[in-house]
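The next block holds one structure in the form of structure tokens; read it before the comments.
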Amino acid sequence: DQLGGSTAVIVNQTAARRFWGDGDPLGRRLRGQGSEDWRRVVGVVEDAPVSTLAEDMQPVMYFSARQTDGIANPFVVVRTDGDPADLLAPLRQAVTEVRSSLAIDAQGTIASHFGESLAAPRMAATALGLFSLLAAGLAGLGIYAVVSFGVARRSTELGIRMALGAGRDRVVAMVLRDVAGTVALGVIAGLGVTILLAPRLASMIHGVDGVDPAALTGGLTFIVGVALVAAWIPARRASRVDPAEALRIS
């Protein structure tokens, strides 16, 4: 624990870069804020979150609890090839048998501990997903209503086209082509807004890039699919109308 009269300490990479730049931190000394005790660096470890997964990396130093006058908090880590949850009860019983007076404050798997820290981001992601599905459904209903109204107003035009020999597939393709142009404009506008808001949205979910190509492609494909299906239904219905009946009604 002692090295050249100084207490040994290990720092993370952020601390090494901030305090010594590109220099070698091994053998250097530092002390914590408000402390008079100098500690000598004996190793550097990779950055790791301390409180939450999404936190910004801060300088951290690690030292043995035996170097302080405080109360040590021992912990036990067990690796297993099976389900870690199956070892919780036997491990607790084994610790109790060795020292019954030892209080066990926390017990669980790494996945459960990560789950607790991810509870808030997971809830935010679920809420965003539900609202996104709701928005897509409302967009689909809106497109369906607008296209149905437009097709109803064009019943005479469509009847004349079919009377002159236009096939049903051609009528459907014409309606879908008109809708596709409007959807394309909406997609371009949506991409612009997404790129602008992506940094804020990405900060809500750890490890997720707001401008992820796969996510954008999947979202755009879903929206375009909803729009085309919502446009295809009234277009298909209009193509099945008898041309003579459409002309007579108009």
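The values are calculated or read from the model by the stated rules, or taken from the named source; none is laboratory data. Every value quoted in this text rests on a predicted model; they were computed, and no experiment measured them. Here the Cβ positions follow ideal geometry from the backbone for every residue, glycine too, while neighbour counts run over all protein chains shown. Only protein heavy atoms, including side chains, enter the accessible area calculation; ligands, DNA and RNA are left aside. Shrake-Rupley method; radii C 1.70, N 1.55, O 1.52, S 1.80 Å.
Can you compute the modelled spin-label distance between residue 50 and residue 114, with each label point 7 Å from Cα toward Cβ, in nm?
2.2
Using 0.36 nm per residue, how much length does the chain from residue 164 to residue 177 gain when fully extended, once their Cα-Cα distance is taken away?
Values: separation 13, 0.36 × 13 = 4.68 nm, distance 2.01 nm.
Net length gain for the segment: 2.7 nm.
At a 1.4 Å probe radius, carbon and sulfur cover how many percent of the accessible area of region 78-204?
Numbers: 5970 of 9100 Å².
Of all accessible area on region 78-204, carbon and sulfur atoms account for 66 percent.
Going by amide H atoms built from the backbone, whose H comes under 5 Å of the H on residue 45, apart from near neighbours?
Here 11, 12, 13 satisfy the definition.
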